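The values are calculated or read from the model by the stated rules, or taken from the named source; none is laboratory data. Predicted, not measured: the structure shown is a model, and the values here were computed from it. Here Cβ is always computed from backbone atoms with ideal geometry, including for glycine, and neighbour counts include all displayed protein chains.
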Amino acid sequence: MLLHAVVLFIVGTAFAKDNGGIPQVDNVIDNLSSQQWDADEMTCRDKIFNVLNNVKNSTLWATWIWDSNAKSPYGTFVGARFHLGNYDQCLRPPWLSKHPELRTQYCLADVEMSQNPANKNWNLPGPYARAEEYYVEGGTPTGRSFSLMSYGVCLPVGCQTKSTVKYVRALLSGQHLQAAWDADVNIRNCEEAGAPIVRPMGYYVYMYTFAALALIALASTYYISEYPDRAESDTFVNHVVKSFCLRRNWELVVKEDKEPLPCLHGIKFLTATMIVLLHVALYTNKMSVTNGTDVERISESLNAGMSIHSDLFVDSFFAVAALLLGKTLSTMDITKPHNLLKNIAKRYIRLFGLFVVIVFYVAHVFLQKDNGPLYHQLAVREQEYCQRNWWLSLLMVGNYINTDTMCYTSTWYIPCDFHFYVITLVLLYIYRKNPKLGKIATAIVVFLGFVGPAINNYLYDLPALIFLNIGLGNDLRVNKNFTKGYIHTHIRMGPYIAGLLVGYLMSQYKPADYKKIWSKTTSFLGFLAGLSLIMAVFAAGSLCYQYRVYGVLSGVFRVLHRTIYAIGVLCVIVFCTYGDVPLINNFLSWAPFRALSRLSFGIYVIHPVLLFRIKMAARGHLRYHLPDFLVESFGTVVVSLMASLAVWLLVEAPLVNFTTRYLDTSLKSVPQHEPGGVIEVHQVDDYRSPPPGSS
């Protein structure tokens, strides 16, 4: 009997081995065999069956392909969406050059298990309910859906979309998520192994242009260093050389202010840093984090104030920019139309340098600089929009025209800044020509600036706060809260108006003449008052988020919240400038902040590109972990800072330096109307103070 049992065991083992005892593969074969294949799919069908049969025989090339597929989904119940398989393994088999017949393709499929994805139940079902009630019908209030997943598969090259759909269904047929067996499957994109890299002409033009600018800057720096006497002559060539000199442009970054407001440097840089941190959190939350619901719970544990209402930080830039402009209004020479146009042109050129660099990077280089299962499709979308609408961006109308396809959504700030500057100067020009008409026009603009958000809120039925769906595939451009309630200039005027008023008062009561007029106690109490206003707005935002405020209250909130927040920031600036707030003054006025703040504009504009590449080139699940979050956030700040410095040295500073001689409006006698008559003043225009937060 024992011998008989041993023989049966050996025979059974051999039989199982000969017949490929891999139940999952057998299940896929059975599923594919039962499906209907069209005539044009038979080649793909035969290739797939060849792979599967060789997997059962443990053949290396076939097992390599099978191992590249996504396996059983996991983490779905806490928000993990992307089950990507192994993108690199599928597309980089080591034998590809010698065996092209084994070429593969990697395809990413979106699997929607819900019949009504827009209608979600935000209430958690009990533990004895059917699982489908949770992952098919459920979701989170911030837009996270458990019924949608992206599934990566590796299969032979040449398979059509409909054949790939059959293969995805077969792979999911034996999994524990039963709703996926007959779910809607949409193939996002497929990439072939060994496909040649095709770079458009725009890519080479962009890269060679930067290389040329670097060579010109190095040569100019060498020329001025070695031939200082020859470089002093006032010729066109020497002006170009001086404009590109790296040493001179670096000195513009670290130079001291003529009329110091040192606390502004700390506020500007720390604001830019906070925006980076919050964007890292947002991008992480949009990705396939294995603890996605935990991330949302952490946000709600902060009462959703700073995390949900983080868009307020951008209003700090508007307030600071307006303050610096307001300080120069009384001495600005715009009594003649050509001087008005010159000042507007100077502002445009100051914004243009970094703007054109980032817009054309996205339009021609972005797609070529990385890869990954998710990267290609999303980068193609960004590139297409910038190639289509780059001219709208450079005309500073991208936040109003074609907003559903606007180029690089993070640059909405730039046209707003430019619009505010132009409106302010035009009103000043009218006032200089006709003080009565200027006051009326200003009153109308201020009134519209304050009631505009309420009117806008009523017309589009918007909530008090912008609620943005956090799904990665969800494009902000089609989100009404973003395009109608966030990026338009006319709904952002409150902070700018407040900043202009404080800046004008500073021009009348110069900080240098009224330094430390308030005691430390008064200064500290004023600082606390400003900080209290800021925190009160965050707290109000938390309540609006929790109770989903709409209607009249929403309109009232939108009219007040940004302006009150800006007043709080301006209180901090005023009491740190005219008083002495213990510790805070010293910290915000720390010398290194001077250079860092002047590069904060570049940090703000550049960092979303870096985050996009970091997150969208991911190969698998991510995890939210505080130490990882901090390292990634501050690393993004540092890399963005370095990129901002490079763009400043090679593009922004040379462009501004070169055009300044043709747009000079400084040191001109300006007849200024005052109640007591006409006085003569002089403008001192310092174009080198970069935005955001500059004039």
Given (1) buried (at least 20 other Cβ atoms within 10 Å of the Cβ); (2) assigned by TED's automatic domain parsing to the domain that holds D88, where does S220 come up short, assuming only one miss? (2)
State whether one or more residues within the range 586-595 are more than 24 Å from M642 (Cα to Cα) and either in the same structural domain as Q368 (by TED's automatic domain parsing) or part of a helix (DSSP H, G or I) (or both). yes
Somewhere in the range 52-67, is a residue modelled with pLDDT under 90 and among the aromatic types (F, W, Y)? no
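The rows are residues; the columns are (1) among the hydrophobic types (A, V, I, L, M, F, W, C); (2) at pLDDT 90 or above; (3) part of a loop (DSSP other than H, G, I, E, B); (4) under 27 Å from Y135 (Cβ atoms).
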{"site": "I29", "(1), (2), (3), (4)": "yes, yes, no, no"}
{"site": "Q36", "(1), (2), (3), (4)": "no, yes, yes, no"}
{"site": "R45", "(1), (2), (3), (4)": "no, yes, no, no"}
{"site": "F49", "(1), (2), (3), (4)": "yes, yes, no, no"}
{"site": "P93", "(1), (2), (3), (4)": "no, yes, yes, no"}
{"site": "L96", "(1), (2), (3), (4)": "yes, yes, yes, no"}
{"site": "E101", "(1), (2), (3), (4)": "no, yes, no, no"}
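Given the criteria part of a helix (DSSP H, G or I), in contact with a Ser or Thr (Cβ under 8 Å, 6 or more places away or on another chain) and either of a type in the set (S, T, Y) or under 24 Å from I491 (Cα atoms) (or both), does L459 qualify?
So L459 does not fit the description; no.
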Evaluate the range 324-341: report whether one residue or more is closer than 30 Å to F612 by Cβ, in a helix (DSSP H, G or I) and in contact (Cβ under 8 Å) with a residue 24 or more places away in the chain. no
Being surrounded by fewer than 21 Cβ atoms within 10 Å (Cβ to Cβ), β-branched (V, I, T) and either within 19 Å of V397 (Cα to Cα) or not assigned by TED's automatic domain parsing to the domain that holds W648 (or both) is the filter here; which residues of the range 331-365 pass it? I344, I349, V356
Count - residues of the range 385-421 that are without any contact (Cβ under 8 Å) to a residue 24 or more places away in the chain, closer than 21 Å to N456 by Cα and of a type in the set (A, V, I, L, M): 2
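Show me the helices (runs of 4 or more DSSP H) entirely contained within the range 489-583 in which 3 or more residues are polar (S, T, N, Q). Steps first, answer last, please.
On the way: elements: 493-508, 520-547, 551-578.
Here the list reads 520-547, 551-578.
Restricting attention to the range 117-174, report how many residues are assigned to a strand (DSSP E or B) and either in contact (Cβ under 8 Å) with a residue 40 or more places away in the chain or of a type in the set (G, A, S) (or both). Outline the logic, then answer.
Of all residues in the range 117-174, those assigned to a strand (DSSP E or B) come to 121, 138-139, 145, 148-156.
Checking the rest, the ones that are also either in contact (Cβ under 8 Å) with a residue 40 or more places away in the chain or of a type in the set (G, A, S) (or both) come to 138-139, 145, 148-156.
Final tally of qualifying residues: 12.
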Contact list, first residue from the range 270-299 and within 15 Å of S410 (Cβ to Cβ), second anywhere and not in a helix (DSSP H, G or I), beta-carbon distance below 6 Å, six or more apart or interchain, is L278/S310; K286/I470; K286/L472
Checked the range 64-121 for anything basic (K, R) and farther than 17 Å from R619 by Cα; matches are K98, R103, K120
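For G541, are the conditions met, namely being touching a Gly at 6+ places or on another chain (Cβ under 9 Å) and either closer than 21 Å to L324 by Cα or not assigned by TED's automatic domain parsing to the domain that holds L448 (or both)?
On the way: touching a Gly at 6+ places or on another chain (Cβ under 9 Å): yes; either closer than 21 Å to L324 by Cα or not assigned by TED's automatic domain parsing to the domain that holds L448 (or both): no.
Considered against the rule, which asks whether it is touching a Gly at 6+ places or on another chain (Cβ under 9 Å) and either closer than 21 Å to L324 by Cα or not assigned by TED's automatic domain parsing to the domain that holds L448 (or both), G541 comes out as no.
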Conditions (1) surrounded by fewer than 22 Cβ atoms within 10 Å (Cβ to Cβ); (2) under 23 Å from P608 (Cα atoms) -> I267 fails only (1)
Looking only at the range 412-465, filter to residues that are over 24 Å from S393 (Cα atoms), surrounded by 18 or more Cβ atoms within 10 Å (Cβ to Cβ) and of a type in the set (F, W, Y); which one of those is nearest to the chain's Cα centre (by Cα)? Y429
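Given the options L264, L277, L252, L282, name the one that is in a helix (DSSP H, G or I), at pLDDT 90 or above and within 19 Å of the chain's Cα centre (by Cα). Reasoning before the result, please.
Numbers: L264 fails: within 19 Å of the chain's Cα centre (by Cα); L252 fails: within 19 Å of the chain's Cα centre (by Cα); L282 fails: at pLDDT 90 or above.
From the options L264, L277, L252, L282, the qualifying one is L277.
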Return the residues of the range 109-137 that are out of contact with any Ser or Thr (no Cβ under 8 Å at 6 or more places or on another chain) and either of a type in the set (K, R) or surrounded by 14 or more Cβ atoms within 10 Å (Cβ to Cβ) (or both); say none if nothing qualifies. P125, R130, A131, E132, E133, Y134
Only one residue in A464, A512 is of a type in the set (G, A, S) and under 21 Å from L324 (Cα atoms). Which one? A512
